[in-house]
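Engineer: I'd like to ask you about the structure that follows.
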Amino acid sequence: MMLLSAICRRHGHETFLAVSRRPGALLTAAQRFNPDAVAYSMASADMDHLKDADRPLVEWLSQKRGRPVLRIMGGPHPTYCPEILDEMRLDAICQGDGDEALPEVLRRWEADESLDGIPNISLTSADAPLRHLVTDLDALPFPDRDLYYRAVPYARLSGLRSFHTGRGCPYKCTYCFNHVYNRKFGGLGPLLRRRSVGNVLEEIERVVAEQPPVRMLRFSDDVFVFRPDDWIREFVEEYPRRVGVPFYCLMRSNTFTEETAELLSRAGCRAVGMSIEAGGEHVRNAVLKRQLSNRDVEASFAVAKKFGIRTYASTLVGIPGTTLSDDFESLEFVRKVRPTAPLFSITSPYKGTIMWEEAVRDGHLPPDSSPDTHLFSGVTELNCFSPQDKRTHQRIFALGPLYANLPAPLHHVIMRLIRTRFPLPEQLLKSFGLAYYSYRL
């Protein structure tokens, strides 16, 4: 949204961000700003909340006199679930890159022209008839961060600032949308696109100078380094000299080699997010399509320790088609590799992914399922697990990080708590687990 705001402002429009954190927030913001267009950026996990928040807004808009207000949605959910256009009676949805599509939509809406034929824009609950990839990322303006800080003022005080250096991911993990995106937009240009080092560093320098305090940066690319290429070598030479702020990035075990770790460490990398997802190779590779051996994973975490880089590692439990034995195997494997901050998440298949399609096909999920992804800790809708299994999943979520990090024999006590069939204060355990995980992170 920050980038789209900057693009809209470049084209002469005013923008205002509404964050729906409480009932009536969207309506209150709309009454204050009186918009000509309402643009939603949505992930699937937030859709039920948005629909509830949107109803009073739609009712208010229907009573307004004069020119109709455009309602358009972009982001992951409409890209992979275009039927949302009919469900919410939207005027249009944007699928994929909206950097060039949105300003053209606004221009035509303002001129009372048809929205037909705009690449990546669909006016029906089918996919957009024309598709387009934005390839020159350096031509885009820097994100409008003030938009977010006006809406969430306390976020500025955190000292953490996030940046994207590129777009695209070539991997085919079954729980992720990237493989679907690549199928939709393949053949239209390079799926992996990256800004120049100079462009990235110029944005960071501006943020450091204009929006203090900045104590840590986060590079949010799905994979920050695929291989030790000219881009990362230039970054390693320039970043410490021009910026020098410690940073955190996302990696994969097969790309986090000793050479890559050494380069990142030189640049100022203090931590990496590197998901394990499953402790057993069969689940990790045959079910999740991660294509990572246990040896790959173990070696990457050993490399991180060698270079003093902290590790955040997410592991899934309750994967469709698996059993509690698989989840306990994951617990033992995570304990073996010892990430700094391990996290165990309860699997919630997203509609449109291979995992969701297979779960529906196998009768594990109803076709109208809605993922409970409240911090990936909610009770799963998957019917292939018993109520006791689901309670155990929640205990692994809450106590798994402790089990992975505590020394013997204390970890045996945690395992007994996870396995017991006696009732436990589940909400208290969940709160404690989140507090411990946050401390480790």
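Engineer: In this structure, is residue 315 assigned by TED's automatic domain parsing to the domain that holds residue 270, among the β-branched types (Val, Ile, Thr), within 23 Å of residue 416 (Cβ to Cβ) and part of a loop (DSSP other than H, G, I, E, B)?
Structural biologist: no
Engineer: Only one residue in 71, 161, 156 is under 22 Å from the mean Cα position of the chain (by Cα), part of a strand (DSSP E or B) and charged (D, E, K, R). Which one?
Structural biologist: 161
Engineer: Determine which member of the set 115, 130, 106 is more than 20 Å from the chain's Cα centre (by Cα) and either closer than 22 Å to residue 17 by Cα or in a helix (DSSP H, G or I) (or both).
Structural biologist: On the way: 115 fails: either closer than 22 Å to residue 17 by Cα or in a helix (DSSP H, G or I) (or both); 130 fails: either closer than 22 Å to residue 17 by Cα or in a helix (DSSP H, G or I) (or both).
Exactly one residue qualifies, and that residue is 106.
Engineer: Now, a different point. Only one of 330, 293, 325, 345 is within 21 Å of the chain's Cα centre (by Cα), within 25 Å of residue 359 (Cα to Cα) and assigned by TED's automatic domain parsing to the domain that holds residue 236; which? Walk me through it before giving the result.
Structural biologist: On the way: 330 fails: within 21 Å of the chain's Cα centre (by Cα); 293 fails: within 21 Å of the chain's Cα centre (by Cα); 325 fails: within 21 Å of the chain's Cα centre (by Cα).
Criteria check complete, one pass: 345.
One line per residue, one yes/no per condition, for (1) surrounded by fewer than 18 Cβ atoms within 10 Å (Cβ to Cβ); (2) in the same structural domain as residue 401 (by TED's automatic domain parsing); (3) closer than 14 Å to residue 337 by Cβ; (4) under 24 Å from the mean Cα position of the chain (by Cα):
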site	(1), (2), (3), (4)
245	yes, yes, no, yes
261	no, yes, no, yes
272	no, yes, yes, yes
283	no, yes, no, yes
298	yes, yes, yes, no
301	no, yes, yes, yes
308	yes, yes, no, no
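Engineer: Which residues, counting only those in segment 37-51, are modelled with pLDDT under 90 and surrounded by fewer than 16 Cβ atoms within 10 Å (Cβ to Cβ)?
Structural biologist: 43, 48, 49
Engineer: Step by step: first the residues of segment 219-234, then only those that are aromatic (Phe, Trp, Tyr) and farther than 18 Å from residue 254 by Cα, then the one that is nearest to the chain's Cα centre (by Cα). Which residue is that?
Structural biologist: 219
Engineer: Quick one: in segment 393-423, of everything that is in a loop (DSSP other than H, G, I, E, B) and in contact with a helix residue (DSSP H, G or I) (Cβ under 7 Å, 6 or more places away or on another chain), which residue is nearest to residue 348 (Cα to Cα)?
Structural biologist: Looking at residues that are in a loop (DSSP other than H, G, I, E, B) and in contact with a helix residue (DSSP H, G or I) (Cβ under 7 Å, 6 or more places away or on another chain), I get 421.
Engineer: If you go through segment 311-370 one residue at a time, how many are modelled with pLDDT of 95 or more, farther than 23 Å from residue 273 by Cα and of a type in the set (S, T, N, Q)?
Structural biologist: 3
The values are calculated or read from the model by the stated rules, or taken from the named source; none is laboratory data. Bear in mind the structure is a predicted one, so any value in this text is a computation, not a measurement. Counting neighbours? That spans all protein chains shown, and the Cβs are built from the backbone with ideal geometry, glycine included.
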